[in-house]
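Colleague: Below: one structure in structure tokens.
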Amino acid sequence: MADEKNEKNEKDTAPGFMNPVAGFGVTFKAMFKKRLTEQYPEQPKTTAPRFHGRHQLNRHPDGLEKCVGCELCAWACPADAIYVEGADNTEEERYSPGERYGRVYQINYARCILCGLCIEACPTRALTMTNEFELADSSRANLIYTKEQLLAGLEEGMVDSPHSIFPGMDEQDYYRGLVTEAAPGTERQVAVSKGERPEEQGADA
Ligand code: SF4
Ligand code: SF4
């Protein structure tokens with residue numbers, strides 16, 4: 001057995017006439033294979049449905065934020081890429097249905113390895129990942145995404161936070177799926193509180 005092995009090793013290492021050109025065989029075979037060149041960015045490839053791309057901070061169906069500022073995502077992150085500062089909601093300024101919300105939320109994409117551990121750690125499904133992968137930038141500062149950049153857009157029936165919770169509902173009702181859209185009058189309430197439609201303040205009273 002040992003003799004066979006030695007013989008094989010000698011064959012492998014023995015200089016031969018064809019050895020200098022043998023490597024070109026690989027090149028020659030590759031010339032006839034189907035090309036795998038992707039025409040990016042002209043023809044961007046569609047990602048797999050569960051691809052780990054840019055993060056998103058989700059909202060409840062009435063527009064209030066799902067993030068409760070617990071920092072579990074930041075603690076789960078192996079690259080220390082997430083920074084969260086939570087704060088208390090008040091009745092005058094409410095961003096989420098419960099006691100706390102994420103006042104500051106940042107993800108540093110110069111650090112993030114898109115592993116998805118943060119979204120697994122999030123107890124409220126506030127944090128998920130989108131299929132967006134075009135995150136490159138020439139500035140480190142631009143790679144730090146803020147809460148405003150990460151917050152999901154408003155869908156039909158949503159009103160931007162801050163605003164009151166749906167009348168007659170509590171935080172648990174939001175997670176039970178009982179709130180399906182913003183309460184009637186929420187939009188006006190937000191506008192008035194921002195001073196955008198002061199003339200209607202009198203009309204409401
Ligand atoms: S995807 Fe991974 S590396 Fe990126 S922020 Fe989440 S836990 Fe951190
Ligand atoms: S995204 Fe989720 S885990 Fe992170 S602070 Fe908000 S609620 Fe907590």
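The values are calculated or read from the model by the stated rules, or taken from the named source; none is laboratory data. Because the structure is a prediction, the values reported are computed rather than measured. Here the Cβ positions follow ideal geometry from the backbone for every residue, glycine too, while neighbour counts run over all protein chains shown.
Colleague: Considering GLU155, GLU120, GLU134, which residue is more than 10 Å from ligand 1 (Cβ to nearest atom) and either at pLDDT 95 or above or under 18 Å from THR186 (Cα atoms) (or both)?
Modeller: Going through GLU155, GLU120, GLU134 in turn, the sole match is GLU155.
Colleague: Considering only the range 1-91, give the helices (runs of 4 or more DSSP H) lying wholly within it that have at least 1 residues that are at pLDDT 95 or above.
Modeller: Passing ranges, in order: 72-76.
Colleague: Can you tell me how many residues in the range 97-113 are within 17 Å of the chain's Cα centre (by Cα) and surrounded by 16 or more Cβ atoms within 10 Å (Cβ to Cβ)?
Modeller: Residues in the range 97-113 being within 17 Å of the chain's Cα centre (by Cα) and surrounded by 16 or more Cβ atoms within 10 Å (Cβ to Cβ): 7 in total.
Colleague: Consider ARG94 carefully, then state whether it is of a type in the set (D, E, K, R), surrounded by 14 or more Cβ atoms within 10 Å (Cβ to Cβ) and not in a strand (DSSP E or B).
Modeller: Yes.
Colleague: Looking only at residues that are within 12 Å of LEU150 (Cβ to Cβ) and either of a type in the set (Asp, Glu) or more than 7 Å from ligand 2 (Cβ to nearest atom) (or both) in the range 120-134, which one is farthest from the chain's Cα centre (by Cα)?
Modeller: The residue in question is GLU132.
Colleague: Here's something else I'd like to know. Could you give every pair whose Cβ atoms fall below 6 Å, whose first residue belongs to the range 58-78 and is more than 16 Å from MET129 (Cα to Cα) and without any contact (Cβ under 8 Å) to a residue 60 or more places away in the chain, and whose second residue is hydroxyl-bearing (Ser, Thr, Tyr) and not in a loop (DSSP other than H, G, I, E, B), counting only separations of at least 6 or pairs across chains?
Modeller: If the second residue must be hydroxyl-bearing (Ser, Thr, Tyr) and not in a loop (DSSP other than H, G, I, E, B), the pairs left are GLY69/TYR101.
Colleague: With surrounded by 15 or more Cβ atoms within 10 Å (Cβ to Cβ), within 29 Å of ALA48 (Cβ to Cβ) and of a type in the set (Gly, Ala, Ser) as the only criterion, which of ALA182, ALA191, ALA136, ALA126 stands out?
Modeller: That would be ALA126, the only listed residue that is surrounded by 15 or more Cβ atoms within 10 Å (Cβ to Cβ), within 29 Å of ALA48 (Cβ to Cβ) and of a type in the set (Gly, Ala, Ser).
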